[in-house]
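Single-structure report; data block below.
The values are calculated or read from the model by the stated rules, or taken from the named source; none is laboratory data. All of these numbers come straight from a predicted model, not from anything done at the bench. Here the Cβ is made from the backbone with ideal geometry for all residues, glycine too, and neighbour counts use every protein chain on show. In case anyone asks, the SASA skips ligands and DNA or RNA and just uses the protein heavy atoms, side chains included. Shrake-Rupley method; radii C 1.70, N 1.55, O 1.52, S 1.80 Å.
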Amino acid sequence: MQIHRLCLAALSAFAVGQPVVAQTRDLHAHEHGHVTLQVAVDGESVEMILEAPGADIVGFEHSAETDEQKAAVQEAMADLADPMALFILPEAAGCTGEAAEVELHQEGDHNAFEVEYSLTCTDPAALTEIETRFFELYPSVEEIEVEYATPAGQGAGELEPGEALPLPTS
Amino acid sequence: MTRLRLLARLVGASLWSRRLAISLVALAVAVSTILFLSVERLRTGAWESFASTISGTDLIVGGRSGGVQLMLYSVFRIGNATNDISWESVEDIVALDDVDWIVPLSLGDSHRGYRVVATADAYFERYRYGRGLSLEIEQGARFDDLFDVVLGAEVARALDYEIGDRIVIAHGLGAAGLVRHDDLPFTVSGILARTGTPADHSLHISLEAMTAIHVDWASGARAAHTTPAEVLRARAAEGDLAPNSVTALLVGTTSRIAVFRTARAINEYPEEPLLAVLPGVALQELWSVVGTAERALAAVSAMVVLTAVVGLVATLLATLEQRRREIAVLRALGARPGIVAGLLVVESGLVALVGVLVGLLTVLAATPVAGAWLRATYGLDLPVGLSLREALVLSGIVVSAVLAGLLPAWRAYRIGLSDGLGGGG
């Protein structure tokens, strides 16, 4: 009973001390070799969000310390920024996209690259598949999990080396 | 030309002389074709009906668990939520820039084994299934009074309810309904048209009604003196019965581009651990679990096709023994071995073609009838036309029959003149 009270007291003290941020120990699942890509198609605009663990892109997952590591991060950011070099979309769709902003998030001992690409396609109906050169650039990546939302519906699939992932079109 | 005609007459006469055996082989091919097409149609129909259980909703939001689980309890009404969403969080989600509309769902009570879904009026407008179909009220109207309930088609049919019937909702999900809200009965105000979705198996009440029947349950069991229905109606009119929490939300975003951004905002919402999933993605994930049955069906249809072809070859080989004489006579009349072999190949292909066509026509004729029944009973939508895949497999049957005909043809080619005539038959 005594202990019980103590616990309650401690809990309420904690609650009073931390009223706003409820989830201070909320960590994201983290898996090496596992990259996610989200593709949304609406009208002529195509938006893609890519998330990749730092271990696969630059080979380390702590924050860059040496000059060498900093250079590696700079290089990776430049490589990841260009959607047209990273992804292969059907020629007929006529997609163009400018260099995107690459962010590097550090969460504890892990880091992750995150990129948001905005593309414009003259004929989005021709966007029947997507392929990537990611595996050639970063060999330790094993799978890219893709989620998509297109006019024909939502769905998920996996990008594999040398294989295009079909996208539903209406 | 005349030679071809002669050959055709020979094939025809030879087939006619063995019409019973040959029509049985064609029948076997026809039955296999029917089986293959039916299995194939059920298979694609099952996936399409499953995938179209919910459409038009961009995100489903619930307490943090897994996407499949959230999908199961919020849409399929199977299993239970681990956590509810507090109403404050719902208000924050509504306030997100990219959120266009929400439909709250509150689950947890039941009526004679059927789930009760408490929701807002928007449910009837926003919930879509199939290719954007919305729920239709077949009889009566939506909730007007606080204690109105709208029944799914299957609930009304199975329990034989009509508009105006009074029903009591059970607290919790026990089929026996041990603890019941019998002090506050509901009146059936409307019955939904059949959809083939879990809505058929649900009872729909308003969120306020859900709060109202639990007003006296603050301690976990019903208080001795309960609040009368009239008092609750008055409180509802004053807006006093807003829910504290809901089980799940259907969310529509302003644009498709905003879907992933909104999902992220909800998944990273700091005040409460929430989960937002794309229903299309969760459905696919769920299908990969239950889809084993689909793959088993695909295996069955492959076996069916194989059986048809093997049966055809076996029959041709078996009759070959009896036809030694016929072949010998043909050879004696001057037919070259190649012609005799050709006759057998043509015969094999012809029998398969007739069998496939009979099977195909039977299925095409039966699909509309069976389809109507399946839609009414199981909500399964059968594809009507012939898919490319089906056409390919069917022509595959005919082609493999022609190829399989080569084996008896080769044997016939080797049967010498003396073989058949010398036998003394």
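Points to keep in mind about this one:
- Chain B, accessible area per residue, ligands and nucleic acids excluded (1.4 Å, Å²): 48
- Distance between the C-alpha centres of the stretch A:31-96 and the stretch B:223-241: 57 Å, rounded to the whole angstrom.
- Using a probe radius of 1.4 angstrom, the carbon and sulfur fraction of the accessible surface of the stretch A:29-166 is 46%.
- Dipole-positive endmost among B:Ala296, B:Val231, B:Phe260 within the stretch B:215-332 (Cβ charges, Cα centre): B:Ala296
- With a 10 Å cut-off around each Cβ of B:245-258, the average count of Cβ atoms from other chains is 2.
- For the stretch B:21-61 versus the stretch B:256-273, the spacing of their alpha-carbon centroids is 38 Å.
- Euclidean distance of C-alpha centroids, the stretch A:155-170 and the stretch B:334-404, integer Å: 32
- Each Cα pair under 8 Å and six or more residues apart adds its separation to the average, and for the stretch A:29-166 the resulting relative contact order is 31 percent.
- Charge-dipole axis of the protein assembly as shown as Lys and Arg at +1 and Asp and Glu at -1 on Cβ define it, positive-most pick from A:Gln38, B:Leu350, B:Gly79: B:Leu350
- B versus A: buried accessible surface, summed, Å² (probe 1.4 Å, to nearest 100): 1800
- Among B:Asn244, B:Thr377, B:Leu278 - extreme Cα towards positive end, dipole of the protein assembly as shown, charges at beta-carbon: B:Thr377
- For chain B, the relative contact order is 25 percent, taking Cα pairs closer than 8 Å that sit 6 or more residues apart in sequence and dividing their mean separation by the residue count.
- Length released on extending from B:Leu357 to B:Ser65, taking residue separation times 0.36 nm less the Cα-Cα span: 100.0 nm
- Apportionment of accessible area to carbon and sulfur, the stretch B:269-317, percent (1.4 Å): 77
- Measuring r between the beta carbons of B:Val290 and B:Arg264 and using R0 = 45 Å, the FRET efficiency lands at 0.95.
- Test item: Cα-centred dipole of the stretch B:59-277, Lys/Arg +1 and Asp/Glu -1 on Cβ, debye: 820
- Radius 13 Å from Cβ of B:Glu390, net charge of other residues (Lys, Arg +1; Asp, Glu -1): +2
- For chain B, complete DSSP H runs whose alpha carbons reach 20 Å or more along their own long axis and whose mean Kyte-Doolittle score is -1.0 or higher are B:2-17, B:19-51, B:292-322, B:337-378, B:388-414.
- Taking every residue in A:44-54 and counting other chain Cβ atoms within 10 Å of its Cβ, the average works out to 1.
- Counting Cβ atoms of other protein chains within 10 Å of each Cβ in A:146-155 and taking the mean gives 6.
- Using the rule -39500 (n - 2.57) for each DSSP H run of four or more residues, divided by the residues of chain B, the 222 nm mean residue ellipticity is -17500 deg cm²/dmol.
- For A:Pro90, net neighbour charge (Lys/Arg +1, Asp/Glu -1) across residues whose Cβ lies under 13 Å away: -4
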